[in-house]
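The values are calculated or read from the model by the stated rules, or taken from the named source; none is laboratory data. Since we're looking at a predicted model, the values are computed, not measured. Every residue, glycine among them, receives a Cβ derived from its backbone with ideal geometry; neighbour counts consider all protein chains shown. Surface areas here come from the heavy atoms of the whole protein model, side chains and all, with no ligands, DNA or RNA. Shrake-Rupley method; radii C 1.70, N 1.55, O 1.52, S 1.80 Å.
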Amino acid sequence: MTDPLNNRGRKWFEALTGSDGKVEGNPGSLMVAEATLGGEKAVFVGVAPDANARFPRTGHTEVGLEEGWYGTKNLRAVIEADKNGPKRPIITVCDSKSQAYGRREELFGIHVAAAAIIAAYADARAAGHPVIALIVGRCVSGSFLALAGQASRMIAFDDPEVLIHAMYKDAAARITKRSVAELDKLGETIVPMAYDIGSFNKLGGLHKLLKIADPDTPAPASLEQVKATLIEAIADARKSPRNLDARLESDGAKAFRKASLKVRQMMTEQWAAC
Amino acid sequence: MTFEITLSDEVLALSARRSYIELNARARALQLLDDGTFHELLGPFDRVESPWLPMQGIVTQSDDGCVVAKGKIDGQPAVVIAMEGKFQGGSIGEVCGMKMAEAFRLARLDNEKGIPTRAVLSLESGGVRLQEANMGELVIAEIYAEMVALRKHTPLIVVITGPTGCFGGMSLAAGLASYVVMTRQARLSMNGPEVIELEAGKDEFVAADKPFVWSVNGGAQRFATDFADVLLEDDADAVTQAVTELFRKGQPAQLRTDKYELFIKRLKFLDPAKQWVAEDIRNAWKAVAK
């Protein structure tokens with residue numbers, strides 16, 4: 001059994017940066033470190049398990065109030081520091097089970113904490129920082145939106161434990177009044193409902209689906225493979241517009257997001273006509 | 001024999017008031033735009049519907065639950081996006097989500113061209129449409145990207161009146177807004193009460209306890225703790241007036257999502273070891289002012 005405190009996100013963060021990501025003043029669940037990548041400095045950010053989490057509904061890689069607000073503060077500091085110079089790439093290492101579900105969280109406005117880190121990633125991208133999401137494990141619901149959604153390029157490990165979805169299967173079954181077996185059946189024909197990363201990749205959101213020898217162990221060869229993929233994605237992002245259009249212009253989108261493309265085309269025409 | 005009934009001014013005012021909550025999405029867009037300026041984009045006759053719902057035997061709606069209308073507010077170019085809570089709980093699927101993202105994108109492009117177009121998002125939403133799950137996640141990320149880009153040019157106003165309220169992915173859209181307008185009836189929170197109770201148990205959240213739920217995420221609490229900028233009665237003309245006044249006011253001094261120093265101060269002030277009630281948050285906000 002793997003150590004829950006030493007999850008994939010932490011392992012890959014540490015392998016990529018040579019640091020545990022701890023920064024004075026940050027909560028223990030937030031990893032932030034600068035490391036060299038492809039001959040330049042890059043900033044790595046991640047949410048880690050934290051046995052000493054202040055908030056009882058966090059600590060198992062959830063995006064909660066502290067992760068949102070301190071994450072925002074750290075990202076804003078990067079944007080500010082690079083304001084007049086070269087923009088360091090920002091790598092968001094994603095292995096986060098979900099947002100935090102709790103009363104304190106709602107009272108304190110977790111919707112703004114999550115919006116704040118989203119805005120920080122989006123502003124970083126718009127300012128010229130290549131933002132690359134490296135999805136090594138779970139990235140579900142609010143954690144996908146908060147940590148990966150605004151990335152210039154998203155890279156995911158091609159592995160059964162990698163999960164991007166709107167909601168975990170058991171909860172989604174309850175809410176939609178279906179059985180888990182029915183959901184599985186629907187996922188076979190309705191691609192956006194499927195739970196495997198291969199199906200997610202079909203929608204065109206990912207820049208790359210990366211097959212790693214052992215996703216739980218950042219062995220030297222795998223580490224080099226990941227670094228090379230990140231470096232390529234950074235270069236690709238730098239020569240493209242600073243928006244999310246790469247997703248919509250992908251072959252996957254052409255096949256599976258025909259309705260999205262139709263909306264864009266028709267809205268653009270109708271907007272111009274009135 | 002006739003009876004004469006005398007009504008107080010208060011009662012007369014109430015009976016003259018038109019509800020915003022009872023308006024459907026299209027009527028809300030009409031209500032917010034100046035008379036005679038409403039021009040719907042990708043309307044029901046364009047028949048761009050969800051491609052995913054029929055595959056699951058679910059009836060589609062020809063606007064996919066989202067009305068986008070271009071027009072004017074207070075004489076200035078504007079776009080209104082209104083979600084229809086009665087269709088699939090105002091959930092965000094591919095088509096309605098994309099309509100929203102495109103409305104923001106086109107408004108931003110106009111702003112960049114020197115046409116100062118403002119945007120209002122009238123929300124009724126339970127969050128992502130689970131029948132289009134990952135498509136919804138992708139589209140919602142694209143909505144956020146466009147909101148962050150647009151709010152640099154113009155105030156972006158979110159209106160939440162209920163009855164559905166605003167949850168999940170769209171609560172974060174409210175978080176990104178320049179201004180949030182709410183009624184007492186409206187609720188705004190990231191996770192729905194049932195989901196929290198399911199995940200964390202009844203000690204954490206009692207979804208069936210309505211006064212408790214509203215004490216956490218209702219309009220009055222959200223306004224008292226600065227998550228909403230305006231608290232209104234359910235009055236259609238008052239909503240229009242509030243939106244107009246906020247646009248006249250211009251950009252807020254600081255966006256909510258930029259207030260990380262303040263929120264971190266508050267986080268340090270509150271003790272997370274104990275369970276909180278609505279009053280704790282109101283007190284903390286008073287104690288840690290600016």
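Quick notes
- Number of positions in the stretch A:244-274 that are more than 26 Å from the chain's Cα centre (by Cα) and surrounded by fewer than 20 Cβ atoms within 10 Å (Cβ to Cβ): 9
- The number of residues in the stretch B:111-143 that are over 14 Å from the mean Cα position of the chain (by Cα), within 10 Å of chain A (Cβ to nearest Cβ) and open to solvent by 10 Å² or more (accessible area, probe 1.4 Å) comes to 4.
- The number of residues in the stretch B:232-258 being basic (Lys, Arg) and either out of contact with any helix residue (DSSP H, G or I) (no Cβ under 9 Å at 6 or more places or on another chain) or open to solvent by 20 Å² or more (accessible area, probe 1.4 Å) (or both) comes to 2.
- The stretch B:52-82 - residue that is over 30 Å from residue B:248 (Cβ atoms) and of a type in the set (Val, Ile, Thr) and, of those, surrounded by the most Cβ atoms within 10 Å (Cβ to Cβ): B:60
- Residue match in the stretch B:189-211 (condition: open to solvent by 30 Å² or more (accessible area, probe 1.4 Å) and touching a Pro at 6+ places or on another chain (Cβ under 7 Å)): no
- Residue check, residue B:49 under 27 Å from residue B:96 (Cα atoms), in contact (Cβ under 8 Å) with a residue 40 or more places away in the chain and either surrounded by 16 or more Cβ atoms within 10 Å (Cβ to Cβ) or of a type in the set (D, E, K, R) (or both): yes
- Across the stretch A:114-141, the qualifying residues are those that are facing chain B (nearest Cβ under 7 Å) and closer than 30 Å to residue B:205 by Cα, and the one among them that is surrounded by the fewest Cβ atoms within 10 Å (Cβ to Cβ) is A:119.
- Of the criteria (1) open to solvent by 10 Å² or more (accessible area, probe 1.4 Å); (2) under 23 Å from residue A:149 (Cα atoms); (3) under 13 Å from the mean Cα position of the chain (by Cα), which one residue B:85 fails: (2)
- The criterion of being modelled with pLDDT of 95 or more and on the phi > 0 side of the Ramachandran plot does not hold for residue B:93.
- If you go through the stretch A:142-173 and keep only what is closer than 22 Å to residue A:89 by Cβ and more than 7 Å from chain B (Cβ to nearest Cβ), you end up with A:143, A:146, A:147, A:148, A:151, A:152, A:153, A:154, A:155, A:156, A:157, A:162.
- Filter result (open to solvent by less than 10 Å² (accessible area, probe 1.4 Å) and either within 25 Å of residue B:56 (Cβ to Cβ) or more than 7 Å from chain A (Cβ to nearest Cβ) (or both)) within the stretch B:170-186: B:170, B:173, B:177, B:178, B:179, B:180, B:181, B:182, B:183, B:186
- Among the residues of the stretch A:30-60, just one is of a type in the set (S, T, N, Q) and over 22 Å from residue B:266 (Cα atoms), namely A:36.
Listed here are the residues, each with its yes/no results for (1) in contact with a helix residue (DSSP H, G or I) (Cβ under 9 Å, 6 or more places away or on another chain); (2) open to solvent by 30 Å² or more (accessible area, probe 1.4 Å); (3) modelled with pLDDT under 95; (4) not in a loop (DSSP other than H, G, I, E, B).
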| residue | (1), (2), (3), (4) |
| --- | --- |
| A:24 | no, yes, no, no |
| A:31 | yes, no, no, yes |
| A:41 | no, yes, no, yes |
| A:44 | yes, no, no, yes |
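Residue-wise test of (1) at the interface with chain A (Cβ under 9 Å from one of its Cβ atoms); (2) at positive phi.
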residue	(1), (2)
B:37	no, no
B:42	yes, yes
B:54	no, no
B:61	no, no
B:65	no, yes
B:74	no, yes
B:78	no, no
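- Unique match (being in contact (Cβ under 8 Å) with a residue 12 or more places away in the chain and more than 9 Å from every other protein chain (Cβ to nearest Cβ)) among B:282, B:256, B:222: B:282
- Residue that is surrounded by the fewest Cβ atoms within 10 Å (Cβ to Cβ) [pool: residues in the stretch A:174-193 that are in a loop (DSSP other than H, G, I, E, B) and facing another protein chain (nearest Cβ under 7 Å)]: A:176
- Test: residue in the stretch A:128-142 that is over 15 Å from the mean Cα position of the chain (by Cα) and either modelled with pLDDT of 95 or more or among the β-branched types (Val, Ile, Thr) (or both): yes
- Members of the stretch A:72-97 found to be within 12 Å of chain B (Cβ to nearest Cβ), in contact (Cβ under 8 Å) with a residue 12 or more places away in the chain and out of contact with any strand residue (DSSP E or B) (no Cβ under 6 Å at 6 or more places or on another chain), listed by number: A:72, A:75, A:76, A:79
- None of A:230, A:206 is closer than 30 Å to residue B:130 by Cα and either under 18 Å from the mean Cα position of the chain (by Cα) or aromatic (Phe, Trp, Tyr) (or both) except A:206.
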